[in-house]
Amino acid sequence: MPDGRADPDAEFAAFVRAASPELGRAAWYLCGDPVRAEDLLQHALLRTYLAWGRLGGGDPVAYTRRILTNSRIDSWRKDRRETLTAPLAMPDPAADDGSAARAERDRLGHALRALPTQQRRVVVLRHLLGLSEAETAAELGVSLGTVKSTASRGLARLRDLLAEPTGTATSIPEGSAR
């Protein structure tokens, strides 16, 4: 630009290119459906773009991740029930070029969808996105103790679900206790 300032649109485009893979994974883990995850990510990026000038020296990834989390909570509150995808409707990992990594990621996704919503959010933010306990508590607006206990219960439940034979994790209704 002629006045020496960086172009905000170019900065935002660079941010989107750099952060979209991480934010897309977070969105997918938060809602468990690739179509809803894409919608959630687009919504979060739009809101980040609208606030881009106000972010200043802040962390735009953290800001966008917070929008992802809050938007997901808002949609969950609206629906009050999530609909899990039936195992037959999920893509067959074996049909996708035999990639073991994709099969394992799909298996983790099925297990995550079987967790209660709060446990899923804490596990995703804490262990899949690598936020500290304090950052997770701030992101979700809960106490540090809630993050610790919820993460502990969520990880224990995930271990149980992942120890089961493939395909049974989705048969457990969300929020059900064992």
Worksheet item: residue 45 passes all but one of (1) at pLDDT 90 or above; (2) on the phi > 0 side of the Ramachandran plot; which number fails?
Response: (2)
Fill in: Identity of the residue in segment 34-47, in contact (Cβ under 8 Å) with a residue 24 or more places away in the chain and crowded, with 18+ Cβ neighbours inside 10 Å, that ends up farthest from residue 126 (Cα to Cα)
45
Item to complete: Could you figure out which of (1) over 19 Å from residue 127 (Cα atoms); (2) surrounded by fewer than 19 Cβ atoms within 10 Å (Cβ to Cβ) isn't true of residue 20?
Response: (1)
Worksheet item: Can you pull out the residues in segment 119-133 that are in contact with a helix residue (DSSP H, G or I) (Cβ under 6 Å, 6 or more places away or on another chain) and not charged (D, E, K, R)?
Response: 119, 122, 123, 124, 125, 128, 129, 131
Worksheet item: Applying the selection to segment 85-141, what residues are modelled with pLDDT of 70 or more, part of a loop (DSSP other than H, G, I, E, B) and of a type in the set (Ser, Thr, Tyr)?
Response: 132
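The values are calculated or read from the model by the stated rules, or taken from the named source; none is laboratory data. No experiment lies behind these values; they were computed from the predicted model shown. Because the Cβ atoms are built from the backbone with ideal geometry, glycine has one as well, and the counts that use them run over all protein chains shown.
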